[in-house]
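The values are calculated or read from the model by the stated rules, or taken from the named source; none is laboratory data. Note that this is a predicted model, so its numbers are computed, not measured. So basically every Cβ, Gly included, is an ideal-geometry build from the backbone, and we count neighbours across all protein chains shown. Side chains included, ligands, DNA and RNA excluded: accessible areas come from the protein's heavy atoms. Shrake-Rupley method; radii C 1.70, N 1.55, O 1.52, S 1.80 Å.
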Amino acid sequence: MTKSNERKLTIARAMAEATAQEMRIDPNVFVMGEDIGPLGGVYGNTRGLIDEFGAERIRDTPISETAFIGAAVGAAMDGMRPVVELMFVDFFGVCFDAIYNLMAKNIYFSGGNVKVPMVLMTSTGGGYSDGGQHSQCVYGTFAHLPGMKVVAPSNAYDAKGLMTAAMRDDSPVVYMYHKGLQGMGWLGTEAGATVHVPEESYTVEIGKAKVVRQGKDVTIVSLGMGVHNALKAAKTLEAQGVSAEVVDLVSLVPLDRDTIRASVAKTGRLIVVDEDYMSYGVSGEIIASVTEHNISALKAPPKRVAFPDVPIPFARVMEQHCLPNPDKIVAAWNEMGALQPA
């Protein structure tokens, strides 16, 4: 039943609201990026901000990611709190020096004497036929490199709280939002991402995972869009008499290994769902975190449901064939050869 005081927002609106609330109380917060001004961002996450804060604080930039991300690093080190948008995470290749050799390392290089309090928000994910250079997640690439916190919300409540927490953090935070969860109709949208969001400002802890569905037979771990696929698969499995627990990572760096391990210790089985590439990624790290800690807790070898190690196809039928989905998660359970619960 819907509560009378329920206030549902899309992730895009939740991100914009968090940014506006923080800008009202902290004059050091400003936003830079391509098409973030009058357009309100391609994905809607800066919609309405220029009307309230003007072009000085909502700064449309030229198409030069290296320039404006590098400028943001300098501004952050000088006491400002910039929020910058890399429109597609796939574009990190043209500006990675500014991200990894400046943004991520300058706290270390200064011996902790200089902070870099900035947020790099960037879109991830495919599913809408935009080709291999506009559809990747590359979560593992950013999570692998030390010096940056990395978050990935699956719903609007977490999106607002994580955005506020990121803007208040004295370390650089990479905020990775999935296009299919933003609530933008032209991208398609996942209805489950639009949830109740309090109007007041609040934070969601960076580095803390959430058990979003309780279960006892198998743990399904994911992030972003994968959480919704996991929840749908859990409903299918429930009809088969299988009780699936779903863990939403929320944050990749820090990674909440304790919550994952506690869940697997209870269920004895693990499936990891990741829209990033299969090899060398988050899915392998999660499995290693469990098996290195207590392999005796496992009743079956863990399974991964991830994107195959191929460039993301443009053709819709081929892209959909490669993407994780609930049916593939159910198939992973069946492939485990696990005994059905009593």
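Return yes or no: is VAL204 in contact with an Asp or Glu (Cβ under 8 Å, 6 or more places away or on another chain) and at pLDDT 95 or above? Criteria met by VAL204.
When SER289, SER279 are screened for being hydroxyl-bearing (Ser, Thr, Tyr), open to solvent by less than 10 Å² (accessible area, probe 1.4 Å) and free of Cβ contacts under 8 Å to residues at least 60 places away in the same chain, only SER289 passes.
Scanning region 5-44 for residues being in a strand (DSSP E or B) and under 22 Å from GLY188 (Cβ atoms) gives a total of 2.
Exactly one residue among GLY41, GLY54, GLY33 is on the phi > 0 side of the Ramachandran plot and either among the aliphatic types (A, V, I, L, M) or open to solvent by 10 Å² or more (accessible area, probe 1.4 Å) (or both), and that residue is GLY54.
Pairing each residue of region 99-124 that is on the phi < 0 side of the Ramachandran plot with any residue that is among the charged types (D, E, K, R) and part of a loop (DSSP other than H, G, I, E, B), provided the two are 6+ apart or on different chains, yields C-beta distances under 7 Å for ILE107/LYS115; LYS115/ASP170; PRO117/ASP169; PRO117/ASP170.
Scanning region 69-115 for residues that are β-branched (Val, Ile, Thr) and open to solvent by less than 10 Å² (accessible area, probe 1.4 Å), we see that the one that is farthest from GLU275 (Cα to Cα) is VAL73.
Counting only residues that are of a type in the set (Asp, Glu), give me the strands (runs of 3 or more DSSP E) lying completely in region 227-342 with at least 2 of them. Explain how you work it out, then say what you get.
On the way: elements: 244-248, 251-253, 270-277, 303-307.
Result: 244-248, 270-277.
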